[in-house]
Amino acid sequence: MNQPPGEKKLRRLQTNFIVGLCVLFLLSQGGCATRPVTLAPEIQAQLGRVGVVSAQYTPAVEFELPAKGKLGGAGRGAVRGTGPFIVLVPSFTLAGFKSAINTPDSLVGAFVGAAVGAMVGVGYMIGGPISGVVLAEAKEVVEESEAQL
């Protein structure tokens, strides 16, 4: 492969630049991710040789409680079924446009894609509340668990 001398120099310059950037990035990543923690001597004596890592942020704690009763389960199922509907109809429509973009029937492809997406999405919207009702806990059980929590 015969390359002009100018192109060879350019390729070598690009390679050296990329290697130099990689070395620079690797060398600049020094240090620890957390600050060292110094514990009181009493606590150190209790723990022994245990590693302690201090978090510099408050961890997010979130409880997802079950739906209360059949109606609450149906509502949660409807919400879970709406997400795929919102995603599927536009994506199937765009897929229909893309598949038929080179033909004069591109509008037909978009309508077919939208129809298929709507059918699948409606299946999710119907199946979501049904599965929510089936999987829902009794209202009394949920309230008792909340009281204990």
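Just so it is clear, none of the values below were taken in a lab; they were calculated from the coordinates. This one's a predicted model, so the numbers in the text were calculated from it and none came from an experiment. Every residue, glycine among them, receives a Cβ derived from its backbone with ideal geometry; neighbour counts consider all protein chains shown.
Placing +1 on the Cβ of every Lys and Arg and -1 on the Cβ of every Asp and Glu, with nothing else charged, gives region 69-148 a dipole about its Cα centre of roughly 340 debye.
When only Cα pairs below 8 angstrom with a gap of at least 6 residues are kept, region 69-148 shows a relative contact order of 48 percent. Measuring r between the beta carbons of Leu27 and Glu7 and using R0 = 25 Å, the FRET efficiency lands at 0.25. Modelled this way, with points 7 Å down the Cα-to-C-beta line, the labels at Ile18 and Ala147 are 6.7 nm from one another. Less than 22 Å apart at the alpha-carbon level, and either on another chain or at least 8 residues along: which lysines does that give for Lys139? Partners within reach: Lys68, Lys70.
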